[in-house]
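Student: Quick one: the structure is below, and I'll ask about it shortly.
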Amino acid sequence: MTFTARQIADFLQGEVVGNPEIKVSDFSKIEDGKPGTLSFLANPKYESHIYETQADIVLINNDFTPDKPINATLIKVENAYSSLAQLLQIVEKAKAKKSGIEPMSFIAESAKVGEGIYLGAFSYISDSAVVGENVQIYPQSYIGEGVTIGNNTIIYPGVKIYAGCVVGNNCIIHAGAVIGSDGFGFAPEGETFKKIPQMGNVVIEDDVEIGANTTIDRATLGSTTIGKGVKLDNLIQIAHNVEIGSNTVMAAQTGIAGSSKIGRNCMFGGQVAISGHISIGDRVQIGGQSGVTNNQKSDQVLLGSPAIPAKDCARSYAVIKNLPSLSSQVFSIQKELNNLKVDTKN
Amino acid sequence: MTFTARQIADFLQGEVVGNPEIKVSDFSKIEDGKPGTLSFLANPKYESHIYETQADIVLINNDFTPDKPINATLIKVENAYSSLAQLLQIVEKAKAKKSGIEPMSFIAESAKVGEGIYLGAFSYISDSAVVGENVQIYPQSYIGEGVTIGNNTIIYPGVKIYAGCVVGNNCIIHAGAVIGSDGFGFAPEGETFKKIPQMGNVVIEDDVEIGANTTIDRATLGSTTIGKGVKLDNLIQIAHNVEIGSNTVMAAQTGIAGSSKIGRNCMFGGQVAISGHISIGDRVQIGGQSGVTNNQKSDQVLLGSPAIPAKDCARSYAVIKNLPSLSSQVFSIQKELNNLKVDTKN
Amino acid sequence: MTFTARQIADFLQGEVVGNPEIKVSDFSKIEDGKPGTLSFLANPKYESHIYETQADIVLINNDFTPDKPINATLIKVENAYSSLAQLLQIVEKAKAKKSGIEPMSFIAESAKVGEGIYLGAFSYISDSAVVGENVQIYPQSYIGEGVTIGNNTIIYPGVKIYAGCVVGNNCIIHAGAVIGSDGFGFAPEGETFKKIPQMGNVVIEDDVEIGANTTIDRATLGSTTIGKGVKLDNLIQIAHNVEIGSNTVMAAQTGIAGSSKIGRNCMFGGQVAISGHISIGDRVQIGGQSGVTNNQKSDQVLLGSPAIPAKDCARSYAVIKNLPSLSSQVFSIQKELNNLKVDTKN
């Protein structure tokens, strides 16, 4: 597919600065820009590359003002990153979608599968499972007993969904993710531990994306719930009975301990840890590697382990760097003071 | 199955407070309590729900004294959580157990499998492997050459056990766990690294539970050992030649570096890191996100990175929050002191 | 295979101290040394065991001077660990290599596979994939559309490689690793998030080893790149568009956020976090659990979260432990100073 700058600008409701007839047929990163491609500048860190890129067209934000002349034709849009997403989605949709049930797959007699599904070889659909229309299940995935999966959901290779879990419409679950493994619950019995059977399930609402090798445990009783539009990165741990509000986004290797409730539209960095049995409000942002051990109200930015408001944390960190000199200063003050006390007593 | 409060109390050796004839046929969480169900109150954080729950029966600890009237019938027991576990186990055991060898699975000719096993489709049992009685191996699991698995063990879908590893009786290994991958050992050779072949194995003793996508590396020489009754949560890393004592419990995303020895009955929070080649005593408790870099004696509670006794750590954290004001105070003291010195010299 | 101390010393270009005719046929750890075996002493922490080991031969570094008499025959070499690696590699190479294509595997018609490959049952090679010579693909692995894999590479069970990724020669990828899952990219659209399709791939150069359940995301545009000779441990997260220089080594559970560039010959401890869009120089060493949020020049040793030079960090930590007493000292100084001011004013 080849498009002119004018065609792309019309589609994106943007404005061409430069040659509207120049054509592109592929994408490139601005730092590796190649002739015949379209690139974008969204993060100001990469601005220097726009003056040197070989890309023929660059999407930029309306408010970008170049410091130097630029060779590329620019398309000014409200949000370059979002416009890039729109273009990439067109290309993505144009790709042929897999369909059909491959030999050497298994569908239990009592399972129901919708029209237009793709089922890869070595995948397994258990008894009483219900799989919606146009669902794509790649090879080597496991759909447990009584699992239901909504329409248009994509299950990448090797995903394992335990019995009784529910996955919504338009979800994407990446390779190796495990949904519905037993929550980590044991009652002490002398020196040993007795397993608490985990009788609940996991409910994943619509439009959720779950990263590779992420694990979401089933509830002890009731459901572990992942709200509509939630995006979880790779290698995340969601423990039993956790509830995550809609449109919350978590970066890789974050862990949420049992029974905690996370609000809507939160954003967590990587390797964040949330203790069990606490509540985090809506729109809470938490910096990478932070640890939250208490309830937190909405609309905060937190940092540190234990986490405190990010501004306070930044101030404390600044002092921590200088602690050795602060400590010697206190030592020398004490000495001076002692001398002074001797002086004034004399 | 439907039971009266009296029947349940008799079974648990508890005492009914309320209507002994009321019947329940399912479980519910106390905050979502539904008529016809039994719930429990173990964590005092949830006490407020007991006054409003719709559950007909609630298990409570003997020492619980209500502040207000409660509608539900109560069953007083020594440990409500443990009693719940007993009831859930009955329901769990009543479930039909899978058995039989599904078509499209593979068992090598030289492998031996015990009576009553379940082997799911697309699972693979390699040469010379020995699988005990009543073992359940879900689909898409891999049992390497010469692996032995004890009786009654459950292997969930997609578990991978490398050659030569040993798994005990009554173990549970969750989906995606990897047992016996190569330890991370390389000898520097100029700028590059030469692989140290990992010739040892992993030995998992009886009654161990291993979480989803957890990884346990084989030893360089000898065995990486997981003691009897150990419980490992999801996404944990156990490096080569680690030894974990019996009944130790670790929460998700914890990592133990090579050759370290962990004692018995330890409890580690999530995202804990233990350095290589160190020893941790028995009954050591370590808070989430802590990092331990030195040998630790038994019967301690540790916190922080680097970890120190939890009480000391809590005191240091309290000061860290106030560091900016402490720092300005030192600055102002210095100033006052300088003025004072001038004063006294005049 | 049985060898004398003399034969082994000749092969390693080492020197025998003791009985050159003593024979061994296996390896053992020095603390579990058994007669008829060869052991090694590389880490001085284990020195005490050499005086008691039952192993018949021990490899030691040239510069080792015993404190007490040793029963075992010693072989002195330049680097005991490296010499052990050489011996283990001989044993490893002598093992029969798997080959042949097992029934119940799948190879698409348009895929090409080289001579001497092993393809385990339930593995899947997609359209247009190209697999080199002597590649070993264990059961239940997934090779996506158009993937290319170089010669002699080993893919352990259950590895998932998404479409379009490239794996070099002589690589080892451990069980459950996921290569080429979508990068975590979303553009905000009101309260929800719009997926940025991830059109790039992952390129893994020669001689790379990747740990169990590690995840490497495909680039948005272009490639996520893992340089020649890189060694990644288990449960590591590499985000989209990351570039890792050759011979860099990372311990388990480390995470690198999107678009960051890591230099050559770096060494990262476990649970390290690197922020997105930053650059780390060459030969940078980073301690376990550190968090790096800024560009870092070459040849540094870093520690802490946020990471600073390790020496400074160690000094700050030493003060942190004593913060409560430092804080009370400041409090008492203030008090004394106030008294003194009153005194001098009187």
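Please treat every number below as a calculation from the coordinates, not as lab data. Quick caveat: nothing in here was measured; it's all calculated off a predicted structure. Glycine gets a Cβ as well: all are built from the backbone with ideal geometry, and neighbour counts include every protein chain shown.
Student: With springs only between Cα atoms under 10 Å, which of C:Gly18, C:Gly132, C:Gly288 fluctuates most in a Gaussian network model of chain C?
Tutor: Result: C:Gly18 has the largest fluctuation of those listed.
Student: Of all DSSP beta bridges located in the range B:232-346, what percent are antiparallel, nearest 5? The partial results should precede the final answer.
Tutor: Values: 2 of 20 bridges.
Percentage antiparallel, nearest 5: 10.
Student: Which pairs break 31 Å Cα to Cα here: B:Lys34/B:Lys95; A:Lys194/C:Lys29; A:Lys195/C:Lys321; C:Lys95/C:Lys160? Spell out each step's value before the answer.
Tutor: Details: B:Lys34/B:Lys95 23 Å; A:Lys194/C:Lys29 35 Å; A:Lys195/C:Lys321 39 Å; C:Lys95/C:Lys160 26 Å.
The pairs that break the limit, which is 31 Å between Cα atoms, are A:Lys194/C:Lys29; A:Lys195/C:Lys321.
Student: Further question: Would you give the gap between the C-alpha center of the range B:150-226 and the C-alpha center of the range A:121-150, rounded to a whole Å?
Tutor: 29
Student: In peptide B:137-145, what is the residue-averaged number of other protein chain Cβ atoms found within 10 Å of each Cβ?
Tutor: Values: counts 0, 6, 13, 14, 5, 11, 2, 5, 1.
Per residue, the average neighbour count from other chains is 6.
Student: For a footprinting-style exposure proxy, rank A:Ser305, B:Ser327, A:Ser25 by other Cβ within 10 Å, fewest first. Before the final figure, lay out each step's value.
Tutor: Working: A:Ser305 26, B:Ser327 20, A:Ser25 11.
Fewest-to-most Cβ neighbours within 10 Å comes out as A:Ser25, B:Ser327, A:Ser305.
Student: Straight distance only, please: which aspartates and glutamates reach the Cα of B:Lys297 with their own Cα at less than 14 Å, same-chain residues fewer than 8 apart left out?
Tutor: Cross-link targets: B:Asp282.
Student: Across peptide A:195-202, how many C-beta atoms of other chains are within 10 Å of each residue C-beta, on average?
Tutor: Working: counts 8, 8, 10, 2, 5, 2, 0, 0.
The mean count of partner-chain Cβ atoms within 10 Å per residue comes to 4.
Student: Long-range amide H contacts for A:Ala273: which residues qualify at under 5 Å (H placed 1.01 Å from N, peptide plane, sequence gap of 5 or more or a different chain)?
Tutor: When sequence neighbours closer than 5 places are left aside, the close amide H contacts are A:Gly255, A:Ser290, A:Gly291, A:Val292.
Student: What are the ³J(HN,Hα) couplings of the range C:151-167, residue after residue, when phi is run through the Karplus curve with 6.51, -1.76, 1.60 and θ = phi - 60°? Round to Hz, x for glycine and proline.
Tutor: Rounded to whole hertz, the list is 6, 6, 7, 10, 10, 6, x, x, 6, 10, 10, 6, 3, x, 7, 10, 10.
Student: Moving on. Amide H to amide H under 5 Å from A:Ile196: which residues, 5+ apart in sequence or cross-chain, H placed 1.01 Å off N in plane?
Tutor: A:Gly185, A:Phe186, A:Ala187
Student: If you don't mind, another one. Quick query: amide H of C:Gln296 versus all other amide H atoms, modeled in the peptide plane; which residues come in under 5 Å with a sequence gap of 5 or more or a different chain?
Tutor: Sorted by chain and number, the residues that satisfy this are C:Ser279, C:Ile280, C:Gly281.
Student: Ok, one more. Taking the Cβ of A:Asn322 as the center, what net charge do the other residues with Cβ under 11 Å away carry, scoring Lys and Arg +1 and Asp and Glu -1? Please list the in-between numbers first.
Tutor: On the way: positive: A:Lys321, C:Arg315; negative: C:Asp312.
Net of charged neighbours comes to +1.
Student: Which GluC sites (Glu not before Pro) in the range A:13-106 pass both tests, a DSSP loop state and at most 14 other beta-carbon atoms within 10 Å?
Tutor: Sparse-neighbourhood loop GluC sites (Glu not before Pro): A:Glu21, A:Glu52, A:Glu78.
Student: Which listed residue (C:Ser25, C:Ile57, C:Ser83) has the Cα farthest towards the positive end of the charge dipole for the range C:3-94, taking +1 on Lys and Arg C-beta and -1 on Asp and Glu C-beta about the Cα centre?
Tutor: Comparing the listed Cα positions along the dipole, C:Ser25 ranks first.
Student: Find every distance from the label point of B:Asp26 to the corresponding label point in the other copies (7 Å from Cα along Cα→Cβ) and write them in nm, one decimal, shortest first.
Tutor: Ordered by distance, the counterparts are at 5.6, 5.6 nm.
Student: Determine the shielding of peptide C:285-291 by partner chains: average, over its residues, the number of Cβ atoms on other chains within 10 angstrom of each Cβ.
Tutor: That works out to 6 on average.
Student: On to the next question. To one decimal in nm, how far is C:Gln13 from the same spot in the other copies, if labels go 7 Å from Cα toward Cβ? Please give the shortest first.
Tutor: 7.3, 7.3
Student: What nm value, rounded to one decimal, do you get for the distance between B:Lys97 and C:Glu78 when each label is placed 7 Å out toward the C-beta?
Tutor: For the pair B:Lys97/C:Glu78, the computed spacing is 5.9 nm.
Student: Which of the trypsin sites (Lys or Arg not before Pro) found in the range A:52-127 are loop residues per DSSP with 16 or fewer other Cβ atoms within 10 Å of their Cβ?
Tutor: A:Lys95, A:Lys97, A:Lys98
Student: Which loop GluC sites (Glu not before Pro) in the range A:163-237, with loop taken from DSSP, have no more than 14 other Cβ atoms within 10 angstrom of their Cβ?
Tutor: Within the range A:163-237, the qualifying GluC sites (Glu not before Pro) (loop, at most 14 other Cβ atoms within 10 Å) are A:Glu191.
Student: Of all beta bridges DSSP finds with both residues in chain C, what is the antiparallel percent, to the nearest 5? Don't skip to the end; give the middle numbers.
Tutor: Values: 11 of 80 bridges.
DSSP beta bridges in chain C are roughly 15 percent antiparallel.
Student: Determine which residues of the range B:145-166 fall in the zone a paramagnetic label at B:Glu133 would reach in this model, i.e. backbone nitrogen under 14 Å from the point 7 Å along Cα→Cβ.
Tutor: B:150-153
Student: List the distances, in nm and shortest first, from the label point of B:Gln54 to the matching label points in every other copy, placing each point 7 Å from Cα along the Cα-to-Cβ direction.
Tutor: 6.8, 6.8
Student: Here's another thing I want to ask about it. Taking R0 as 22 Å, what's the FRET efficiency between C:Ser325 and A:Asn295 from their Cβ-Cβ distance, rounded to 0.05?
Tutor: Values: r = 31 Å, r/R0 = 1.43.
That pair, C:Ser325 with A:Asn295, gives E of 0.10.
Student: Here is a further query. Comparing A:Asp182, A:Asp233, A:Asp63, which has the greatest mean-square fluctuation in the GNM of chain A with Cα pairs linked when under 10 Å apart?
Tutor: A:Asp63
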